[in-house]
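I have placed the structure first, in the form of structure tokens, so that the comments after it can refer back to it.
Just so it is clear, none of the values below were taken in a lab; they were calculated from the coordinates. This structure is a prediction, so every number in the text was calculated from the model and none was measured. Positions of Cβ are backbone-derived with ideal geometry, glycine not excepted, and every protein chain shown enters the neighbour counts.
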Amino acid sequence: MVSRPAPASAAPPPVTGDTGPPGIDAFTRAALEDVRDAVFLQDAAGAVGWANPAARALAGDAEPQLHSRSETVSPQAGGSATRTPAEPGVGHVEVAGHRRPARIRALPGGWHAWTVSAADVPQRHVGDFLAEAGPRLAAARGRHGTARVIAEVAASALAETVFVLLPTTRGRWEWWSCERSAAQGHGRIRRVPAQVAPVLAATFGATGPPRQAPVPAPEVATLPSVVADRFEGHAEVSVVSLGPSANAGVTGALLLGRRGDAGFGAEQSRAVAEFAVAAGTALANAQRYARQEEATRGLETTLRPADPPELDGARFETWYEPAGGVLTVGGDFFEVQPHDDGSAFLVLGDVCGKGPEAAALTGRVRHALTALAMVERDGRTLLRLLNELLIAGGSSRFATLVLGTARPSDGGVGLTLASGGHPAPLIVRRSGVVEEVTVPGTLVGISPQARFAEAEARLERGDVCLLYTDGITEARNRHDQTELFGDDRLRAVLTAAAGEPAREVVRRLRQSVRDWLGSSAHDDIAVLAIECAD
């Protein structure tokens, strides 16, 4: 007996459309949808042209191979052979190495129907389904994405038509749908009053473990048509709450419509209930994460440095790049606050550490200095007051800062700078000389006896003063983590950029440091450049 494989398409298509075997109509296609047996329709060329839901479930992502018994060959004396036609209508469908017997029926136009009995298809196990669903739910992102995945997974095994309903504002439900033979949907509908939809109302108000409850046809009919119409012709419509309890923060529901028998047999209710728990947990996590993201964005809005203002006679350029983490802010910061007299208060600092705790202290420091600078111009006094504030606050963290005033006058910019243990500012002269502004001072927030000093400098047209944090000099080589960018490389970059505007100076420095780092992690980086402009 010879077995000859028939070609098959990579993915069995659904029974939809107007093409197909001659004589097949909409009624026949609809009937095939509800057949529990797996039915593959093979065209005259030997390819799978159609497959009903049971057949698509059997094939999954694998490529079905259709094998028919062609004939038997019997050797005869003298070397001849007798060929006897095999039993008509016998074959098997092979999927992922598993062969299942199939009945073959001839259809008009050279088409054939291959039917695998439901009795020959092993029933899915609840544990396997939940094991497959878990990673998909965990990988979903956001409320919308999670609800969409819940609908997809439920439609793959629990029902032919699925709706996820979640309460939203103004007395509405937001819905996500999925059907095995149709595209997904999403929208909003009005909530149905409890007196006309008591089963749904009880489900939304449930506080115990999820339990599947049948929804009577009259109650289904009270739902908006975009939902009710999709459940026409279903043998059963049921609903289950999402979430193990009301404390999970989820009060949604899962509507399930089945046309045929339950895919998990006697275990169907357990499959639905356990999936609802997993789905509700995924939704609760998504909503909790969304709230955390909202809080994080609010925190970042208040902590992230604002772009410097315009100032006649001076330009400011910045580079702000926190170390990687949950927040897009860190322990480094800068601030430029204009005064009514045309000058500007400026500060650049580095709070010990990184991450949320450092960012929180950074916010305190920035806001305190901004308030103090409105009534006090002397940099040494500002640093002394900040030092006292940090020590009184009981924080174990300290900060390094350089702050002062930029005052455009007579075609130049006068700088008065005070430092609290911070790297010395560098002035890039137009001539190519790089000068250091020596400003002694101790760390801020360590000792009540801290002392601070002040220095003055002047920028002429084309000069740039650079304030920076040690995230620049302590950047580690991508090839050798023990090698730092260092002061010498910093000065070399600045020397090469002499005479360029502040924007170009900062761009070159950024590019050099990034080339040095590669994909390596780095500390917080903050740069504030002041240029004497026309």
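Just check the range 346-447 against the gyration tensor rule for me: Cα atoms, a ≥ b ≥ c as the square roots of the eigenvalues, rounded for a/c under 1.5, and otherwise prolate or oblate depending on whether a/b exceeds b/c. Spell out each step's value before the answer.
Values: a/c = 2.23, a/b = 1.68, b/c = 1.33.
Judged from the Cα gyration tensor, the range 346-447 comes out prolate (a/c at least 1.5, a/b above b/c).
Using the Cα centre of the range 304-532 as origin and beta-carbon charges of +1 (Lys, Arg) and -1 (Asp, Glu), tell me which of Leu390, Gly414, Val527 is placed farthest towards the positive end of the dipole.
Leu390
Using Cβ contacts closer than 10 Å as the measure, can you line up Ser177, Ser447 from fewest to most? Walk me through the numbers on the way to the answer.
Numbers: Ser177 22, Ser447 12.
With the sparsest Cβ surroundings first, the list reads Ser447, Ser177.
Taking 0.36 nm per residue of sequence separation and subtracting the Cα-Cα distance, how much length would be gained by fully extending the chain between Ile391 and Asp410, in nm to one decimal? Please report the intermediate quantities before stating the final value.
Details: separation 19, 0.36 × 19 = 6.84 nm, distance 4.11 nm.
Taking 0.36 nm per residue and subtracting the Cα distance, the gain is 2.7 nm.
Given Cα pairs under 8 Å that are at least 6 residues apart, what percent is the relative contact order of the range 126-295? Walk me through the numbers on the way to the answer.
On the way: 301 pairs, mean separation 44.5, N = 170.
Relative contact order, the range 126-295: 26 percent.
Ranked from highest to lowest mean number of other Cβ atoms within 10 Å per residue, what is the order of the peptides 428-437, 381-390? Display every interim value, and only then the final one.
Values: 428-437: 15.7, 381-390: 20.3.
Result, highest mean first: 381-390, 428-437.
Hey, fewest Cβ within 10 Å first, where do Thr318, Thr161, Thr370 land in order?
Numbers: Thr318 19, Thr161 25, Thr370 13.
Least crowded to most crowded, the residues run Thr370, Thr318, Thr161.
With each label point set 7 Å from Cα along the Cα-Cβ vector, what nm distance links Thr207 and Met374?
Once both label points are built, they end up 4.8 nm from each other.
Leu484 versus Ala290, label points 7 Å from Cα toward the beta carbon: distance in nm?
Taking the simple label geometry, Leu484 and Ala290 are separated by 4.6 nm.
Sum up the charges of everything whose Cβ sits under 10 Å from the Cβ of Val347, counting Lys and Arg as +1 and Asp and Glu as -1, but leave Val347 out. Don't skip to the end; give the middle numbers.
Values: positive: Arg366; negative: Glu335.
With Lys, Arg at +1 and Asp, Glu at -1, the neighbours total 0.
Using 7 Å Cα-to-Cβ label points, what is the Val433/Arg188 separation (nm, one decimal)?
Modelled inter-label distance: 6.7 nm.
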